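> One structure, pasted below without further comment.
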Amino acid sequence: MALRSINNLEMFLRRCTAPTLHRCCVASSRTAHTASSCSSSKGSGDDNNKDEKKSGQRKFGWRSVLRFCVPFSLGALASAMLIQSDDLTPTISARSLSGRRKEFNFIADVVAGCGDSVVYIEIKDTRHFDYFSGQPITASNGSGFVIEQNGLILTNAHVVINKPHTMVQVRLSDGRTFPATIEDVDQTSDLATLRIQVSGLSVMRLGKSSTLRSGEWVVALGSPLALSNTVTAGVISATQRASQELGLRNRDINYLQTDAAITFGNSGGPLVNLDGEAIGVNSMKVTAGISFAIPIDYVKVFLERAAERRKKGSAYKTGYPVKRYMGITMLTLTPDILFELKSRSQNMPSNLMHGVLVWKVIVGSPAHSGGLQPGDIVTHINKKEIKNSSDVYDALAEGRKDLEIVILRGVKQMHVKITPEDP
């Protein structure tokens, strides 16, 4: 545009220079020959002057000036604006990205606000000791979070119970380690509370799971695979996933389904909304992208009942039934879960209609020693079909010394023998 304006200026100067010289010549010739040509060419001179005046007005009148000046001025103004514009230069564009980390990293803000209240829970086997350190080895691990400043911690029941000859140890986010005692347990809801002797801890705020909507961002905090202070993020996939759909009997809970990654060790950790409030307790994972959490509204009911028992002086001692110990965490394969697994994995047999998915195997447990692995599907125990987790508990209650188990590992059928531990 600036180049076009410069060209217009050159054309304007050319057009202005030639007529000016021509006018000067005409004026001088008129002065020299006034007397001789006045009488003879008066009429013709007047005509020529009129034509010349008209021609000058047509070429160099105010309309011609406007026709040139307006486009030239607009072109110069636009060129100046383009040169001075900050938004179109690469350097300034890169400079405009500064501050985006602080503005858009909302997940980091959530973690910074509530991460200090998450704890790492270790279950130590008091019968086996590390050769080098002399300390009890870790039989299993999980997560939890502080709900009272005086050391009350919430976690899953399956993290801390049904493991004989063990002790519970809690490690805080700052690295301090404390022995813990089990204060209350509800196996029906898979919830438990622990107590450590310390005060002044950071507390996790509890939100409301009833106000959740599908698609909301959530953050899962915990210690998967013993890697403490781990953060994963996702969205709420469903807010009302009934326990019957998951094959969990005797549990009247509508679970939260999320695609945030929850794996071994995440159990008991908080599922947090963007306000930094716990809206669920991480419970189980079926497969990649399908995990479940206990709603915090159900947790609040459990905590209220536990507080009432403590006030009455009937605190937890041996409040859960002691069973034979095999050392697995399992999930019933309902038709919906089977459909999801078959659609996501090519290694699932098409004729599989029932079974129990082994979600976790505790290191050093009878199941681990017998050869069970996470991801195995138990279809038969002692030649009886296994359709849900209750069938496994019934097989343990029969009192037989060994369990002959048929499993599917991928598409391959295998047989393992497990000797459960007596309580």
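> Would you mind listing the strands (runs of 3 or more DSSP E) fully within the range 113-160 where at least 3 residues are more than 13 Å from R205 (Cα to Cα) and β-branched (V, I, T)?
Hits in the range 113-160: 118-129.
> Which residue, of D252, D259, is surrounded by fewer than 19 Cβ atoms within 10 Å (Cβ to Cβ), over 17 Å from G115 (Cα atoms) and at pLDDT 85 or above?
D259
> Residues of the range 336-381 being touching a helix residue (DSSP H, G or I) at 6+ places or on another chain (Cβ under 9 Å), among the charged types (D, E, K, R) and open to solvent by less than 40 Å² (accessible area, probe 1.4 Å), which ones?
Hit for the range 336-381 is K360, nothing else.
> Here's something else I'd like to know. Against the definition (hydroxyl-bearing (S, T, Y) and over 28 Å from the mean Cα position of the chain (by Cα)), how does T166 come out, yes or no?
Considered against the rule, which asks whether it is hydroxyl-bearing (S, T, Y) and over 28 Å from the mean Cα position of the chain (by Cα), T166 comes out as yes.
> Please verify whether the range 129-140 includes one or more residues that are at pLDDT below 90, buried (at least 24 other Cβ atoms within 10 Å of the Cβ) and touching a strand residue (DSSP E or B) at 6+ places or on another chain (Cβ under 8 Å).
Looking for residues that are at pLDDT below 90, buried (at least 24 other Cβ atoms within 10 Å of the Cβ) and touching a strand residue (DSSP E or B) at 6+ places or on another chain (Cβ under 8 Å), one finds at least one in the range 129-140, hence yes.
> Right, something else. Give S214, S199 a once-over and let me know the one that is modelled with pLDDT of 85 or more and closer than 25 Å to D116 by Cβ.
S199
> Shifting gears a bit: For the subset of the range 410-423 comprising residues that are open to solvent by 90 Å² or more (accessible area, probe 1.4 Å) and under 24 Å from I161 (Cα atoms), which member is modelled with the highest pLDDT? I'd like the intermediate steps shown before the answer.
We begin by selecting, within the range 410-423, every residue open to solvent by 90 Å² or more (accessible area, probe 1.4 Å); these are 411-413, 415, 417, 422-423.
Filter once more, keeping what is under 24 Å from I161 (Cα atoms): 417, 422-423.
On the way: K417: 92, D422: 73, P423: 58.
Applying the filter and picking the extreme gives K417.
> Same structure again: Filtering the range 93-115 down to residues that are hydrophobic (A, V, I, L, M, F, W, C) and at pLDDT 75 or above, which residue is most open to solvent (accessible area, probe 1.4 Å)? Outline the logic, then answer.
Taking the range 93-115 as the starting set, the residues that turn out to be hydrophobic (A, V, I, L, M, F, W, C) are 94, 97, 104, 106-108, 110-112, 114.
Keeping just the survivors that are at pLDDT 75 or above gives 104, 106-108, 110-112, 114.
On the way: F104: 111, F106: 82, I107: 47, A108: 57, V110: 8, V111: 40, A112: 81, C114: 9 Å².
Of everything passing the filter in the range 93-115, F104 is most open to solvent (accessible area, probe 1.4 Å).
> Another question about this same structure. Scan the range 333-379 for residues that are small (G, A, S) and at pLDDT below 85 and jot them down.
S343, S345, S350, G364, S365 - these are the residues of the range 333-379 that are small (G, A, S) and at pLDDT below 85.
> Could you tell me whether any residue of the range 387-409 is open to solvent by 30 Å² or more (accessible area, probe 1.4 Å), in a strand (DSSP E or B) and modelled with pLDDT of 85 or more?
Checked against the condition, which is being open to solvent by 30 Å² or more (accessible area, probe 1.4 Å), in a strand (DSSP E or B) and modelled with pLDDT of 85 or more, the range 387-409 yields at least one hit.
> Another one. Out of I337, I405, I386, which single residue is within 32 Å of the chain's Cα centre (by Cα) and of a type in the set (A, V, I, L, M, F, W, C)? Spell out how you get there, then give the answer.
Values: I405 fails: within 32 Å of the chain's Cα centre (by Cα); I386 fails: within 32 Å of the chain's Cα centre (by Cα).
Checking each option against the conditions leaves just I337.
> V411: closer than 22 Å to S243 by Cα and among the β-branched types (V, I, T), yes or no? Give the derivation first.
Numbers: closer than 22 Å to S243 by Cα: no; among the β-branched types (V, I, T): yes.
No, not satisfied.
> Still on this structure, please answer the following. Tell me, yes or no, whether the range 198-211 has at least one residue that is without any contact (Cβ under 8 Å) to a residue 40 or more places away in the chain and open to solvent by 40 Å² or more (accessible area, probe 1.4 Å).
yes
To keep it simple, each residue is scored yes or no on (1) within 17 Å of I147 (Cα to Cα); (2) among the β-branched types (V, I, T).
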| residue | (1), (2) |
| --- | --- |
| G175 | no, no |
| Q187 | no, no |
| T193 | yes, yes |
| Q197 | yes, no |
| L206 | yes, no |
| R213 | no, no |
| W217 | no, no |
| A220 | yes, no |
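> A further question follows. Is it fair to say K323 is at pLDDT below 85 and within 26 Å of I123 (Cβ to Cβ)?
Yes, satisfied.
> Consider G313 against the criteria (1) modelled with pLDDT of 85 or more; (2) among the small types (G, A, S); (3) more than 24 Å from D116 (Cβ to Cβ): it satisfies all of them except one. Which criterion is unmet?
Result: G313 fails condition (1) only.
> For residues in the range 329-357 being in contact with a Phe, Trp or Tyr (Cβ under 8 Å, 6 or more places away or on another chain) and either part of a loop (DSSP other than H, G, I, E, B) or not hydroxyl-bearing (S, T, Y) (or both), which is farthest from H158 (Cα to Cα)?
So the residue we want is L331.
> Also, I was wondering about something else. May I ask you to list the residues in the range 143-186 that are small (G, A, S) and touching a residue at least 12 places away in the same chain (Cβ under 8 Å)?
Listed by number, the residues that qualify are S143, G144, G151, A157, S173, A180.
The values are calculated or read from the model by the stated rules, or taken from the named source; none is laboratory data. Everything numeric here is computed off the predicted structure, so don't read it as measured data. Neighbour counts are summed over all protein chains in view; Cβ atoms, including those assigned to glycine, are modelled from backbone coordinates with ideal geometry. The protein model used for the area step is the full one, side chains on, heavy atoms only, and it has no ligands, DNA or RNA in it. Shrake-Rupley method; radii C 1.70, N 1.55, O 1.52, S 1.80 Å.
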